[in-house]
Amino acid sequence: MDYYIMPTHDMIMSQSLPDFSGFGSITTNLGEVENKGFEISINTKNIANQNFTWNTTFGYSKYKNTIKHLYYTFVDQLDAKGNLISSKEADDVSNGWFIGQPISAIWNYKVTGIWQVNEIEEAAKYGQRPGDPKVENLYTADDIQNADGTTTPVYNNKDKTFLGQTAPPIMWSLRNDFTYKNFNFSFNMYSYWGAKSMSGNYLNQNNSTSGVTYNTNTYEREYWSLDNPSDFYGRLDSKGPAGITAPQRVYDRSFIRLDNVTLGYSLPKKLINAWKMENLKVYATVRNVAVWKKDKNWHYWDIETGGIAPRIYTLGVNVTF
């Protein structure tokens, strides 16, 4: 078992610059990031006798990544009356880096659901209609008060919130090996837990370039309709509120994968010695056997990679002369 605290100083960073400089950023050595966590590795011999053995290998790790410093530029913190109460090191909003948060933090608008038919009047205030996504309006002080008494919501960075991180903070793996006389069997599992990502696939906005137009779907496509009033998937070509054309939604990318299953048989020594062989083993292996995902709304290729992950079957023979 290992426990570690590892601070990293003077990293090579792309520091944002003011617009008047004529450049967007400059590469420099700044900042401090702290990684801390623990790792456990366990190897056991569960059963060991003449005809049967069972060995297990288990690994588990959990870590936390935190930005401690960026550019060492401080900004004043004011109360409601404009009085100075403290100072705080400035975040780098353009890069999505925030003091006290992980480097892989997700900071964005939060989609809370889909407008339904009975909410048509409320959706209209946001310039939307049923089947469009609801976006949480956290900061209402900037909303526009209209002459007719209605309010037009305004979205800006004050409405964004932290929604998780893209790097998995928890990882584990488990392998078991069994032997019975001349047979051997093994399987391996692993898991990445706690990682999230953002996607706008639920909006179904790609009808003009793929999917419905060309009569093909690359994956299962669900969408809101009067007969299917989903609270997760938008209507075909759905839109966000004014100022946010395509608000992305958070998906939990946690999963457990049964990665490898192998069965082998070694022919008896008495038989293969007559053929002048030291060893002859036949085996069969299946890779990417099964995946269990936490987020049931993820239908977009493989939950781990976001791409194609085929299942692979292998038959083989190992011969030693």
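Values as computed for the structure displayed
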quantity	calculated
Output for the range 238-283, where each listed residue is under 25 Å from the mean Cα position of the chain (by Cα) and in a loop (DSSP other than H, G, I, E, B)	S238, K239, G240, I244, T245, A246, P247, Q248, R253, S254
Leading residue by the ranking (surrounded by the most Cβ atoms within 10 Å (Cβ to Cβ)) among those in the range 116-142 that are under 22 Å from T161 (Cβ atoms) and in contact with a Lys or Arg (Cβ under 6 Å, 6 or more places away or on another chain)	D132
Which numbered condition Y214 fails, given (1) aromatic (F, W, Y); (2) loosely packed, with under 15 Cβ neighbours inside 10 Å; (3) at pLDDT 95 or above	(3)
In the range 1-36, the residues that are without any contact (Cβ under 8 Å) to a residue 60 or more places away in the chain and touching a Phe, Trp or Tyr at 6+ places or on another chain (Cβ under 7 Å)	M1, D2, Y3, L17, L30, N35, K36
Tabulated pairs, the range 61-80, first more than 23 Å from S104 (Cα to Cα), second at pLDDT below 95 and of a type in the set (V, I, T), C-beta under 7 angstrom, 6+ apart or interchain	Q77/I85; L78/I85; D79/I85
The one condition in (1) part of a strand (DSSP E or B); (2) surrounded by 10 or more Cβ atoms within 10 Å (Cβ to Cβ); (3) of a type in the set (S, T, Y) that Y71 fails to fulfil	(1)
Residue match in the range 151-164 (condition: of a type in the set (D, E) and free of Cβ contacts under 8 Å to residues at least 12 places away in the same chain)	no
Residues of the range 143-184 satisfying the condition of being loosely packed, with under 15 Cβ neighbours inside 10 Å and within 30 Å of L280 (Cβ to Cβ)	Y180, K181, N182, F183
Whichever residue in the range 301-321 is in a loop (DSSP other than H, G, I, E, B) and touching an Asp or Glu at 6+ places or on another chain (Cβ under 9 Å) and, among such residues, is surrounded by the most Cβ atoms within 10 Å (Cβ to Cβ)	I303
Residue ID - farthest from the chain's Cα centre (by Cα), chosen from residues in the range 131-180 that are part of a strand (DSSP E or B), more than 25 Å from A105 (Cβ to Cβ) and modelled with pLDDT of 85 or more	Y180
The lone exception for E122 - which of (1) assigned to a loop (DSSP other than H, G, I, E, B); (2) at pLDDT below 95 it fails	(1)
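Let's see how each residue does on (1) under 30 Å from G96 (Cβ atoms); (2) surrounded by 14 or more Cβ atoms within 10 Å (Cβ to Cβ):
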| site | (1), (2) |
| --- | --- |
| S21 | yes, no |
| S41 | no, no |
| A48 | no, no |
| N65 | yes, yes |
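The values are calculated or read from the model by the stated rules, or taken from the named source; none is laboratory data. Just so it is clear, the model here is predicted, and its values are computed rather than measured. Positions of Cβ are backbone-derived with ideal geometry, glycine not excepted, and every protein chain shown enters the neighbour counts.
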